[in-house]
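The values are calculated or read from the model by the stated rules, or taken from the named source; none is laboratory data. What you are looking at is a predicted structure, and each value in this text was computed from that prediction instead of being measured. Note that each Cβ is placed from the backbone with ideal geometry, even for glycine, and that neighbours are counted across all protein chains shown. The area values use the complete protein model at the heavy-atom level, side chains included, leaving out ligands, DNA and RNA. Shrake-Rupley method; radii C 1.70, N 1.55, O 1.52, S 1.80 Å.
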Amino acid sequence: MKPLHSQSSPNASAGSRIAALLLVTLSASAASAQGIPFDKIELRTEKLAPNVYTLTGSPGVDPGHLEAAGGRIGLLVGPDGVVMVDAQYEPLSDKVLAAIRRINSGPIRVLIDTHEHPDHTGGNPIFARQGAMIFAREETRAELMRPLPAAVGSAASGTDPARLPVVTYGLGSSVQLHLDGETIDLIPLKAAHTGGDTMVRFETANVIMIGDFYRNYGYPFFDPGNGGSLQGVLDAVDLTMQLAGSDTVLVPGHGSIIRRSDLIPYRAMILDVRSKVQALIDQGKTLPDILGAKLTAPYDAKVPGALAPLPAGFGNSADRFVSLIYADLIKAK
């Protein structure tokens, strides 16, 4: 496929704008899971509160997530059993289950999907068959019903009926669960990383699993092909800052665990880069022009993985971030 560029005029045709958006969306979803050596991935357990843990994959193995393979899992454990937040890639399910059993031998009662991407939902069928009831947004269930691209490979099943959430809720419908002495809030977000994002708050533990709208390894990624938007990312950051106290533990799906104060420079960076991209669009600049301007240069040294030389479609590079912002702004014109 030849590269598609917008017209240099600020009044570029709608067809060219849509073509540019399509190109960015396709490249953003092109990463293949087929080459991941799942047998080399191990899981690190971290205790965040007396009954809240995370499971994080090995670094340096997954080309799409060099800091830690796949999506981070959250666990609430106690006398009622286990509540899971996300389920990693399907081939890691035996390792995930073994890690859980080292913490708690009780039934796996609930699995909450923060969104539909395979590194977070691939294990759904296995844990559903362990007895977990899967909760997720209506939009996430709808996305999981769509055919998976061949590039996903064995990372997740696109046909196993057990992969699908059995309890769903909409944007305006927060859900509250009471298990293991904990109040668990399922907080739906406006279209951010995807169109069906959920944050999960453990009130007593003061821990929030925030999903993938924040990451500090590489630049932010929102998935327009699955309903994500840049404004939704900003809205999600704002909501998290409202909900979190200074000592609340915030757990992203990727990258390191953070506190509320870490969101402030993250939000400022997004707004700064967006405003610079918009200014160049208003001057009639093309996407190659904008990428050549290196608008993220003031931040690159502070963002691990920002300039990592990875295969096309992998990672969260500066160019990918700027391209997504460009497509998002062009779409809005």
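General remarks:
- Some residue of the range 306-314 being open to solvent by less than 50 Å² (accessible area, probe 1.4 Å), at pLDDT below 95 and either within 19 Å of GLY228 (Cβ to Cβ) or assigned to a helix (DSSP H, G or I) (or both): yes
- Residues that are open to solvent by 10 Å² or more (accessible area, probe 1.4 Å) and of a type in the set (Ser, Thr, Tyr) within the range 215-245 comprise TYR217, SER229, listed in sequence order.
- Residue that is farthest from THR56 (Cα to Cα), among those in the range 75-121 that are of a type in the set (Asp, Glu) and open to solvent by less than 10 Å² (accessible area, probe 1.4 Å): ASP113
- Selection from the range 122-142 of residues that are closer than 15 Å to ILE73 by Cα, in a helix (DSSP H, G or I) and open to solvent by 10 Å² or more (accessible area, probe 1.4 Å): ILE126
- Among the residues of the range 271-305, those identified as open to solvent by 50 Å² or more (accessible area, probe 1.4 Å) and among the charged types (D, E, K, R) are ARG274, LYS276, ASP282, LYS285, ASP289, LYS294, LYS302.
- Residue count for the range 151-166, restricted to those that are in a helix (DSSP H, G or I) and open to solvent by 80 Å² or more (accessible area, probe 1.4 Å): 1
- Among the numbered conditions (1) crowded, with 16+ Cβ neighbours inside 10 Å; (2) under 20 Å from the mean Cα position of the chain (by Cα); (3) assigned to a helix (DSSP H, G or I), the only one that PRO265 does not meet is (1).
- Residues in the range 40-64 that are touching a Phe, Trp or Tyr at 6+ places or on another chain (Cβ under 9 Å), open to solvent by less than 30 Å² (accessible area, probe 1.4 Å) and within 19 Å of ILE258 (Cβ to Cβ): ALA49, VAL52, GLY57.
- Complete set of residues in the range 167-184 that are assigned to a strand (DSSP E or B) and free of Cβ contacts under 8 Å to residues at least 24 places away in the same chain: GLN176, HIS178, THR183
- Residue check for ILE330: in contact with a Leu (Cβ under 8 Å, 6 or more places away or on another chain), surrounded by 18 or more Cβ atoms within 10 Å (Cβ to Cβ), modelled with pLDDT under 95 and in a helix (DSSP H, G or I): yes
- Taken as a whole, the structure leaves TYR219 outside the set of residues that are in contact with a strand residue (DSSP E or B) (Cβ under 9 Å, 6 or more places away or on another chain) and among the aromatic types (Phe, Trp, Tyr).
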